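> Structure below; questions to follow.
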Amino acid sequence: MQLFFREPLKGALVSLLPLILICSIAELASAQEGSARVWKSGKHEVRGTLLRHDETHVTLMPENRKKSVKVEIAMLSDEDQLFLKGLPFIEADQVQHETVMPHMARYTESPMAVAEILNQVGKNHEKSPYAKMMVGLALATEIANYRDAKKNFEAALKIIRKHQKVLGEGYHARTVVSLQNNIAVCALKMSKGDEAAEQLSDGSSGEIPFALYHNATLLMEATKGVTQIKLTNKWRGKLVDVLAKKKPASPGVEVPSRYLFSLEWDDPLNESQLSQLVALSGKPLPHAEDKANLVGGSVFTNETELIKRGYSEHASSSGCLISPTLMLTNRHIAKSKTNDFSYTLTRFLKDGSPELVGGKVVKWSVVNGEDLALIELDKPIEDAAAFPLRRGRLNDGEDLTVLGFPDVSGEGEHISATSGRFVGMDESLPWMYSTNMMQEGIGGGPTLDMKGNLVGLAFAKSDFRNGRVVWFNNHRIERRYNDHTVTVSGKAILEFLKVALPDYEFDRESNKFYESRQALAEAVRGSVMLVKAWQPPKENVKKVRPDFVPGQSAEGFRHNWKKGEAELGSLRKKRLFPDLWCMTCYGKGRLFCQNCGGEGKIYRRESVKAGKNNLGVQMYKFEVKSSRCKACSSRPNRDCPDCEDGKLPFSIPD
């Protein structure tokens, strides 16, 4: 017998002879099929297909040969041995996946209808996570049984973690993040904020999926002020780190402001993919980009194309270059509630002609008051200088200039320079104030000193009738003023960029002093851009009642349930399942008084006289008496004002 090795060495055949057993061709015909891969033993390797294996030996079919060989597993490379250990895992995944998938269409319509079947599938095939994941999702979304749902999610996660100890964290990486997201939602629905934040933070080491990012955002909003859900500063900081990463693409369908469960998973690996996973030392395999949303969040270079698609101009703002390929603007213009707006960027050449620039929104700040977003351009701007950032303090009354594009719809696409003076820094927010006149559309434009250095990004007009605490260097004073420009400070910009782009550095500060604002504006106008937000054909930004705000008025609550079910169906096709159960009444549809237990009365035991005994001693006995419950005013069991039979609407009509 002769074997063909990629790097044949003298004596190689002799060293392998004790390990080889000739198999018949008939035996080959009945063997299981596999993909060819390179097998290594010491310095020798052969490309062949795995036919079968047991605890001690493998049977291989070398390429271009008609007879198989049997090799002792202990003689194979560590990579080959790891591949063999992973085979039972992917085989279990394939079997359960094939059993589960026929029920998928029915599951997206009514999860609980097939949960009983899936539960049995999970018992029959215990070494794969798909069935338990789906059963947990059905329990949570259909009957609000979050405790048992969480147990199923954790059981599925335990299966994967056990296999990851062998194959590395790349095995079922997406499934793990999805399960952690679902465990977090269950914890949230049980008012366990820190536990939820821990799961959301732990599942964000790689690419962040939409559901996890969405839930982290809602949790941040839900824990402001006095709320049902408590979140410590430690885990709030962890959520900030998650949201400071690259934002995932929108799923391309309407997303309500509800917590989202995810059914995203990794499909079973074949032998070729298992070989790749082993070769990558357990790192996740690359996945194809999600093509569900080709428009939302992108920057277009052709307004005509957007208009043809039915998009309409929603709002305009300004932006400024901080490098040849990076532009800062306001978060409120670059972020819609459903993240499905598109954008156009216009810069104006020296001759005044407009030029559309391509790019994409890559980051926005999640810090309170930091109205900042970062746009990455498709190609560098070579004929305009980026703004340097001023590091030093501003002086009281120092001249400042704000550049931007005010009232584009009324005045046209013309850049404007407004003059003003520095007023002071805010004590509690990352803001500074100036006497510049603020108009709609200037937001996102640069606030500059007379040397052309960036000192902040304008975003709003002040209206503090009762005064505001501001700072002049180290002096704290209070002033009353209206109609001033509010600017995100340079310090806040620097902190935002340290998170968004840790390696980014601004250019050195400019020392060139401009004699007039007109000269300054003419010199830097090419570095200021017009930003337009375009609304999709069917408005997806709905007014939605968040499920974490109890006690709101029920007026206008009823809605078209059939329409809501259609919208819900389109979301479930993306394997996203919003939780619509009310947290005010915990899905019961009725509010029960916690003071009286829903009876409307408070019961107490009172001691009353029971006559005297034979010795003339006064005796007492206990009687149970009741009184009206003052906590619920005799309304212990009433309809919940925030839901209908325990469920919230998908959305609230305008």
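> Please list 3J(HN,Hα) in residue order for the range 260-277, calculated via the Karplus relation 6.51 cos²θ - 1.76 cosθ + 1.60 where θ = phi - 60°; whole Hz, with x for glycine and proline.
10, 7, 10, 10, 6, 8, 8, 5, x, 7, 8, 5, 5, 5, 5, 4, 5, 4
> Given R₀ = 45 Å, what would the calculated FRET efficiency be for Arg604 paired with Arg161, taking r from the Cβ atoms and rounding to 0.05?
Once rounded, the FRET efficiency stands at 0.30.
> How would you rank Thr584, Thr325, going from fewest to most other Cβ atoms within 10 Å of each one's own Cβ?
The order, fewest Cβ neighbours first, is Thr325, Thr584.
> In nm, give the distance between the simple-model label positions of Gln94 and Lys451, each being 7 Å from the Cα along the Cα-to-Cβ direction.
Each label point is offset 7 Å from its Cα along the Cβ direction, giving 6.8 nm.
> Now a separate question. What is the distance, in nm, between label points placed 7 Å from the Cα along the Cα-to-Cβ direction at Ser626 and at Gln273?
Result for the modelled spin labels: 6.3 nm.
> Also: Full-extension gain between Asn614 and Val362, please, as 0.36 nm times their residue separation minus the C-alpha to C-alpha distance.
Stretched fully, the Asn614-Val362 segment lengthens by 81.6 nm.
> Which value in nm describes the separation of the simple spin-label points at Gln120 and Lys379, placed 7 Å from the Cα toward the beta carbon?
It is 6.3 nm.
Every read-out reported here was derived from the displayed coordinates using simple, explicitly stated rules and does not represent laboratory data. Just so it is clear, the model here is predicted, and its values are computed rather than measured. We place every Cβ from the backbone using ideal geometry, glycine too, and count neighbours over all the protein chains shown.
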